[in-house]
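Only the coordinates and a few stated rules stand behind these numbers; no lab work does. What you are looking at is a predicted structure, and each value in this text was computed from that prediction instead of being measured. Note: ideal-geometry Cβ built from the backbone for every residue, glycine included; neighbour counts use all protein chains shown.
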Ligand SMILES: NC(=O)c1ccc[n+]([C@@H]2O[C@H](COP(=O)([O-])OP(=O)(O)OC[C@H]3O[C@@H](n4cnc5c(N)ncnc54)[C@H](OP(=O)(O)O)[C@@H]3O)[C@@H](O)[C@H]2O)c1
C-alpha cells in the first residue's frame with residue numbers, strides 16, 4: 001500500500017497524503033479542482049477558514065458521490081470569528097456534521113494563551129464537531145506548553161517541511177514523535193517551486209534519472225520516509241497522479257541522507 005494511513009493517538013487513522021486547497025481561490029474552477037483530486041484518488045482534503053473555499057470543497061465532496069466516511073476532511077481555525085462559531089461555520093460550508101481533524105492554524109491564534117484556547121478545542125471534540133484535534137505551525141516550546149496542560153493530546157502538528165528547513169523543523173518532528181503527535185508536512189515542494197538553483201537540483205536530477213521519476217515525486221517520497229503526513233496540491237491531473245504514485249518510489253537510505261545533506265548545505269536564506 002503506497003501511502004498507508006497513519007494511526008493517531010486517539011485511535012483514528014489519517015490518510016498520509018492530503019490535497020490542499022490553499023491557493024485554489026474560489027468559484028466553479030476551485031470546485032472542479034477539488035473534484036479532480038477526489039477522482040484521481042485523494043481521500044484527504046486539507047482546507048482552512050482563511051482559504052475561503054470550504055464551500056467549494058463541500059460542493060466537490062457532494063458532487064463526487066463519495067460517502068462521508070470515505071473522505072477525511074481537515075480544516076483549520078484561522079481567527080476569522082470566535083472559535084465556537086468558526087467550527088460551526090466550517091461544517092456548514094463543507095456540508096458536513098463533523099470534520100475529521102480541526103487544527104489551530106497558528107500559535108498566534110491561541111489567545112489569551114495556549115491552554116485556554118486548547119480547552120475550547122477539547123470542547124469541540126467533546127461536542128462531536130471534530131473527531132480529532134491538533135495544531136499547526138507550533139514550535140517545540142509551544143508544543144511543550146500545550147502538552148503540559150492538555151486533557152486531550154493533540155494528534156497532529158501541521159508544519160512547513162522541506163529539505164532546506166530540515167535543521168529547523170527536524171526537532172519539531174522529533175518532539176512530536178516522542179509525544180505521539182504526528183507531523184504533517186506542507187510546502188514540501190518549495191525546493192523546486194520557490195528555490196530552483198539550489199544544491200538539491202543536481203541530486204534530484206540524478207535520483208530522478210535512476211528511478212524514472214519527477215523531482216516533485218522524489219521530494220514527496222523523501223517526506224514520506226520521514227514519517228510525516230504530506231499535504232500537497234496541484235491544478236494538474238497528471239501531476240496529482242504522479243504524487244500518488246510517489247508512494248511507491250523506493251528511495252535508498254543513501255538517497256535520503258544525500259537529500260538531507262543537500263538540504264542542510266542550502267538552508268541559508270531558503271525558507
Ligand atoms: N498550515 C499552514 O499554515 C499551511 C501553509 C501552507 C500550505 N498549507 C497546506 O498545504 C497545501 C500545499 O501547500 P503548497 O501549495 O505550498 O504545497 P507544495 O506541495 O509544496 O506545492 C504545490 C505546488 O507545486 C507546484 N508544482 C508541483 N510540481 C512542480 C514542478 N515540477 N515544477 C513547478 N511547480 C510544481 C504545483 O503547481 P501546479 O498546480 O502547476 O501543478 C502546486 O501549485 C496547501 O494547499 C494547504 O492545504 C498549510
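Here the sum of -39500 (n - 2.57) over DSSP H runs of 4 or more residues, divided by the residues of the chain, equals -13500 deg cm²/dmol at 222 nm, to the nearest 500. Rounded to the nearest 10 degrees, the angle from helix 140-149 to the longest Cα principal axis of the chain is 30 degrees.
Comparing mean-square fluctuations of 79, 95, 11 from a GNM of the chain with C-alpha springs under 10 Å, the top value falls on 11.
Checking the a/c ratio against 1.5 first, then a/b against b/c, what shape does the Cα gyration tensor give for the range 37-92? Don't jump to the answer; show the numbers that get you there.
Details: a/c = 2.35, a/b = 2.15, b/c = 1.09.
Prolate.
For the range 92-251, what proportion of DSSP beta bridges, expressed in % and rounded to the nearest 5, is antiparallel? Restricted to the range 92-251, the bridges split so that about 0 percent are antiparallel.
Using the number of other C-beta atoms within 10 angstrom as an exposure proxy, rank 113, 46, 10 with the fewest first. Could you put the intermediate results ahead of the total?
Details: 113 10, 46 27, 10 15.
By the 10 Å Cβ count, ascending, the order reads 113, 10, 46.
Of all beta bridges that DSSP places with both ends in the chain, some 5 percent have antiparallel geometry.
Please label the shape of the chain as rounded, prolate or oblate, based on the square roots a ≥ b ≥ c of the eigenvalues of the alpha-carbon gyration tensor (a/c under 1.5 means rounded; beyond that, a/b larger than b/c means prolate, else oblate). Don't skip to the answer; put the middle values down first.
Details: a/c = 1.87, a/b = 1.28, b/c = 1.46.
Oblate is the answer for the chain, as a/c is 1.5 or above yet b/c matches or exceeds a/b.
For a test of the definition: using alpha carbon positions, the gyration tensor, and the 1.5 limit on a/c, classify the range 61-189 as rounded, prolate or oblate. The partial results should precede the final answer.
Numbers: a/c = 1.92, a/b = 1.31, b/c = 1.46.
Note, shape of the range 61-189 comes out oblate.
Diffusion coefficient of the range 114-253 by Stokes-Einstein, Kirkwood radius over Cα pairs, 37 °C, 0.692 mPa s: 199 µm²/s.
Roughly how many whole Å is it from the C-alpha centroid of the range 128-162 to that of the range 1-17? Using only Cα atoms to place each centre, the spacing works out to 16 Å.
The packing ranking, built from the mean of other Cβ atoms within 10 Å per residue, places the peptides 116-122, 65-71 in the order 116-122, 65-71, highest first. Specify the angular offset, from 0 to 90 degrees and rounded to the nearest 10, of the alpha carbon long axis of helix 200-211 from the longest principal axis of the alpha carbons in the chain. Once rounded, one gets 80 degrees.
Find, to one decimal place in angstroms, the Kirkwood hydrodynamic radius of the range 181-271, where the mean of 1/r is taken over every pair of different Cα atoms and then inverted. Before the final figure, lay out the partial values.
Values: mean 1/r = 0.0746 Å⁻¹.
Radius from the Kirkwood sum: 13.4 Å.
For the pair the range 58-94 / the range 104-118, the C-alpha centres are spaced 20 Å from each other.
Roughly how many whole Å is it from the C-alpha centroid of the range 18-37 to that of the range 227-271? Result: 22 Å between the Cα centres. Against the chain, whose longest principal axis comes from its Cα atoms, helix 83-94 is set at around 70 degrees.
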